Amino acid sequence: MKVTLDELKAKPMPQHIAIIMDGNGRWAKSKGLMRVAGHRVGVQALKNTIIALDELGIGHLTVYAFSTENWKRSKDEVDALMELITEFINKEIDYLDEKGVRVNPIGDISALSPKAFDSISYAKEKTKHNSHIVFNVALNYGGRQEIVRAAKAICEDVKRDALQIEDIDEALFSSYLYTAGQPDPDLVIRSSGELRISNFLLWQIAYSEFWITNILWPDFKKEDLWQAVWEYQNRDRRYGGVSK
Ligand code: IPE
Ligand code: IPE
Ligand code: MG
């Protein structure tokens, strides 16, 4: 049975969706194409997802675009991914800005190619006052790297007496992460069927709901997002308690 927009809107929406956009390479292979062709169509699927999210009125999206482990891939593939970041920004920045999207890179973007670094920095600066949708793009991102980075920053602040050890709690720790001030993801979507988290948002997903589909990312459609949200809306989030 297909869910309708009215049915979705009648129930509480997730505030924040995080997506592991996986399966571009397999999509390309299944069509006899180069891996980069899959990444290219994957970018289009991302654009459609942002439009669909806006239609649902969801205000936070985090997407995994390049992990700290993805440097293991061939130079050609890494170069192509860097190029696609710049292409995506050049092509979509005005649209994103008009829609009130705040582009917020998360991860160590200083290690990206200079062109990718410049375009993502430009997008961040240009959209920094937008608040309709916060769009976190994980680039050279690793969950463990993020936690270590936060721990170091906290130590620095303790060392210079800006912070007392007694003041360190979960809320304070969260405020040192890239996602400071944002709600944790309610729903994590992973395409292409892998049953793993691949170092994504380790801290923030402590109580997220998971929705995993065999659909490969370039084939991911609005209807799939709707299905994920619908199933999320019908789950019982107990947070360790008991059903109401
Ligand atoms: C996800 O697709 C995109 C990135 C990791 C950049 P993959 O490239 O991982 O596709 P598969 O998993 O090889 O099919
Ligand atoms: C996770 O996908 C990273 C991104 C989607 C950017 P991978 O394809 O890199 O993850 P593994 O290798 O299947 O764990
Ligand atoms: Mg993959």
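Build a GNM of the chain with springs between Cα atoms under 10 Å apart, and of 74, 198, 121 the one that fluctuates most is 74.
A crude spin-label estimate for the pair residue 87 and residue 128, with each label 7 Å from Cα along the Cβ direction, gives 3.0 nm. Modelled this way, with points 7 Å down the Cα-to-C-beta line, the labels at residue 44 and residue 222 are 1.6 nm from one another.
The residues of the range 29-180 expose, per residue, 52 Å² of accessible area to a 1.4 Å probe. A straight chain from residue 110 to residue 11 at 0.36 nm per residue would run longer than the Cα-Cα distance by 31.6 nm.
Ranking of 239, 232 by solvent-accessible surface, largest first: 239, 232 (1.4 Å probe, protein heavy atoms only, all chains present).
With 0.36 nm allotted per residue and the present C-alpha distance subtracted, the residue 160-residue 174 stretch has 3.0 nm of extension available. Partner lysines whose Cα lies under 19 Å from the Cα of residue 75, excluding those fewer than 8 positions away in the same chain, are identified as 29, 115. Computed in the context of the full set of protein chains, the accessible area of the chain at 1.4 Å probe radius has 53% of its extent on carbon or sulfur.
Taking only alpha carbon atoms, the range 131-217 gives an Rg to Rh ratio of 1.05, where Rh is the Kirkwood radius. So if a site counts as exposed when it's one of the GluC sites (Glu not before Pro), its DSSP state isn't H, G, I, E or B, and it has at most 16 other Cβ atoms within 10 Å, what's the longest stretch of the chain without one? Answer - 70-193. Using only alpha carbons, the chain has a radius of gyration to Kirkwood radius ratio (Rg to Rh) of 0.97. Placing 62, 68 in order of accessible area, with the largest value first and a 1.4 Å probe, yields 68, 62. Summarised in one figure, the compactness ratio Rg/Rh of the range 1-138, Cα atoms and Kirkwood Rh, is 0.99. Partner lysines whose Cα lies under 24 Å from the Cα of residue 9, excluding those fewer than 8 positions away in the same chain, are identified as 47, 99, 221, 222, 244.
The loop-placed trypsin sites (Lys or Arg not before Pro) in the range 53-141, going by DSSP, that have at most 12 neighbouring Cβ atoms within 10 Å of their Cβ come out as 128. The modelled label-to-label distance for the pair residue 1/residue 239, using points 7 Å beyond Cα in the direction of Cβ, is 2.9 nm.
The values are calculated or read from the model by the stated rules, or taken from the named source; none is laboratory data. What you see is a predicted model, and the numbers here were worked out from it, not measured in a lab. Ideal geometry is used to build each Cβ from the backbone, glycine not excepted, and the neighbour counts take in all protein chains shown. Heads up: the accessible areas ignore ligands, DNA and RNA and are worked out on the full protein's heavy atoms, side chains in. Shrake-Rupley method; radii C 1.70, N 1.55, O 1.52, S 1.80 Å.
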